[in-house]
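The numbers here are math on the coordinates, done by the rules we state, and not lab data. Quick caveat, the model's predicted, so the values are computed rather than measured. Because the Cβ atoms are built from the backbone with ideal geometry, glycine has one as well, and the counts that use them run over all protein chains shown.
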Amino acid sequence: MRKDVNEHDKRRCPRLKHRAKIRVFSPTHSEEFFADMRDFSETGVFLMCPADLIPELGASVEVQTTEIEDAPIRSTQVVRIEAGVGFGVEFS
């Protein structure tokens, strides 16, 4: 029997690769910052950014795409961190 490469992946929804600039509002940073989206799904987004900008696991952050004028701001929670790469958030 062939084992799926992502057998340990517990995501509920498939991820779609997509590159976009995302505005991030984090209470741990005095200003907003921009991150690069790596992929997204129905339930969340993975954002790539410098290590010093990665919020703590469990932190609440707001995200907004810069691809659409007046895009909605979404509340999220940091649910995964990849050291030196970025962080994954789940929509609230």
Inter-site label distance for residue 59 and residue 92 at 7 Å from Cα along Cβ, in nm: 1.5 nm
Note, ³J(HN,Hα) from phi for the stretch 53-68, Karplus 6.51, -1.76, 1.60, rounded to Hz, x at Gly and Pro: 9, 5, x, 6, 4, x, 5, 8, 9, 10, 10, 8, 6, 9, 6, 10
Ranking of 45, 85 by count of other Cβ atoms within 10 Å, fewest first: 85, 45
